[in-house]
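Below is one structure, written out as structure tokens; the observations come after it.
The values are calculated or read from the model by the stated rules, or taken from the named source; none is laboratory data. As the structure is a prediction and not an experimental result, all values here were calculated from the model. When we count neighbours, we look across all protein chains shown, and the Cβ atoms used for this are built from the backbone with ideal geometry, even at glycine. Each accessible area value is taken on the protein alone, full model and side chains, heavy atoms only, with ligands, DNA and RNA left out. Shrake-Rupley method; radii C 1.70, N 1.55, O 1.52, S 1.80 Å.
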Amino acid sequence: MATIRFLQENSLYLLLGLAAVCTFVWLLQFRSRLRMTWYAALALSLLHVAYGVFCVKVFAVLEGNGPSMGAMSLFGAVFFMPPAYWLGARLTKRDAAAVFDVFAVCMIFTLLCARVNCIISGCCQGRLIPGLEPLRWPTREAELVFYVIFLAIMAPRVLKNVTFGQVYPLYMLSYGIVRSVLECFRVAATDKIFHLSHVWAVLALSLGVGFYGELKRRHTKRHMRNRAREMR
């Protein structure tokens with residue numbers, strides 16, 4: 001019982017530790033592509049998780065949830081991580097597309113761990129299912145399924161180096177759609193079906209569509225230019 005209680009009370013820290021370890025292992029696969037030493041990968045793994053926690057807590061405060069230690073909003077990571085990736089790539093003169101694709105997988109796995117903690121701690125529940133009380137809509141579980149499917153599809157493609165920076169925009173696009181639906185079934189500060197998180201979901205969807213469209217346009221243009229050179 002004492003062990004179970006310890007795991008429950010420290011679940012967030014343990015899951016974040018798992019996310020840091022998995023991030024480190026993942027980054028080691030890209031040492032040559034990102035021109036990165038193993039100790040740089042270790043430092044970045046810890047910094048990535050720490051900054052992610054900072055993002056979700058700051059966004060929770062901006063949403064009006066107050067400076068509570070437990071208040072977190074995963075949309076903080078969705079919106080605040082990209083500027084850090086872009087700045088890191090720019091300052092270290094690394095390929096931004098590669099940086100975004102590699103670290104997007106790290107971020108999504110970290111959010112997966114955070115959502116698992118929601119289940120353990122009992123927060124972010126779905127609304128009661130009418131007529132089937134006390135059963136609730138499995139919103140957290142559905143989001144976890146989304147993460148697993150997305151990672152299963154995109155992580156192998158990143159490993160094979162066949163992506164061109166589209167992983168993060170595709171994540172924002174698809175996550176915006178998923179959260180737009182799930183928010184209708186989640187417990188919120190208001191009894192209304194539509195609330196503030198719907199705004200963030202639509203914003204994520206819109207940004208994802210815009211960024212992906214621009215990346216696709218540039219990628220197609222670059223591909224056609226290369227084809228033209230080969231035909232000369």
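Under 5 Å between amide H atoms, partner at least 5 residues away or on a different chain: which partners does residue 136 have, H built in plane at 1.01 Å?
Close amide H contacts, sequence-distant or interchain: 129.
Which value at 222 nm does the chain reach when only helices count, each DSSP H run of 4 or more adding -39,500 (n - 2.57), with the total divided by all residues and rounded to the nearest 500 deg cm²/dmol?
-25000 deg cm²/dmol
Write down the Kirkwood hydrodynamic radius of the chain, to one decimal in angstroms, obtained as one divided by the mean of 1/r over all alpha carbon pairs.
Averaging 1/r across every pair of different Cα atoms and inverting gives 19.1 Å.
In whole percent, how big is the carbon plus sulfur part of the accessible area of the chain, probe 1.4 Å, protein atoms only? Display every interim value, and only then the final one.
Values: 9070 of 13220 Å².
Carbon with sulfur: 69 percent of the solvent-accessible area.
Residue-wise, which Karplus ³J(HN,Hα) couplings in Hz belong to the range 79-95, taking 6.51 cos²θ - 1.76 cosθ + 1.60, θ = phi - 60°, and x for glycine or proline?
Result, ordered by residue: 8, 9, 6, x, x, 5, 5, 4, 5, x, 5, 5, 5, 9, 6, 10, 5 Hz.
Apply the Karplus parameterisation 6.51 cos²θ - 1.76 cosθ + 1.60, with θ equal to phi minus 60°, to every residue of the range 155-162 and state each ³J(HN,Hα) to the nearest whole Hz, in sequence, with x for glycine and proline.
Values per residue, Gly and Pro as x: 4, x, 5, 5, 4, 7, 6, 10 Hz.
Given labels modelled 7 Å from the Cα in the Cβ direction, how far is it in nm from residue 40 to residue 202?
Distance between the two pseudo-spin positions: 4.3 nm.
What's the ranking of 72-85, 179-192, 94-107 by average number of surrounding C-beta atoms within 10 Å, highest first? Spell out each step's value before the answer.
Values: 72-85: 20.0, 179-192: 15.0, 94-107: 21.7.
Final packing ranking: 94-107, 72-85, 179-192.
Let me test this: with uniform point scatterers at the alpha carbons of the range 128-221, what is the Debye-based log₁₀ I(q)/I(0) at q = 0.18, 0.24 1/Å?
Debye curve over Cα of the range 128-221, log10 I(q)/I(0) at q = 0.18, 0.24 Å⁻¹: -0.88, -1.20.
Would you mind pulling out the separation of the Cα centroids of the range 81-156 and the range 169-186, in Å?
11 Å
How much area per residue is accessible in the chain when the probe is 1.4 Å and only protein heavy atoms are counted (Å²)? Spell out each step's value before the answer.
On the way: 13220 Å² over 232 residues.
Per residue, the chain has an accessible area of 57 Å².
Between rounded, prolate and oblate, where does the range 4-120 land on the alpha carbon gyration tensor, with a ≥ b ≥ c its root eigenvalues, rounded for a/c under 1.5, else prolate if a/b exceeds b/c? Walk me through the numbers before you get to the answer.
Values: a/c = 2.62, a/b = 1.46, b/c = 1.79.
In terms of gyration-tensor shape, oblate.
Which of the peptides 144-153, 199-208, 214-223 is most tightly packed, and how do the rest follow, judged by the mean count of other Cβ atoms within 10 Å per residue?
The most tightly packed comes first, giving 199-208, 144-153, 214-223.
How large is ³J(HN,Hα), in whole Hz, for each residue of the range 206-215 in order, when computed from phi with the Karplus curve 6.51 cos²θ - 1.76 cosθ + 1.60 and θ = phi - 60°, using x for Gly and Pro?
So the J values, rounded to whole Hz, are 5, 5, x, 4, x, 5, 5, x, 5, 5.
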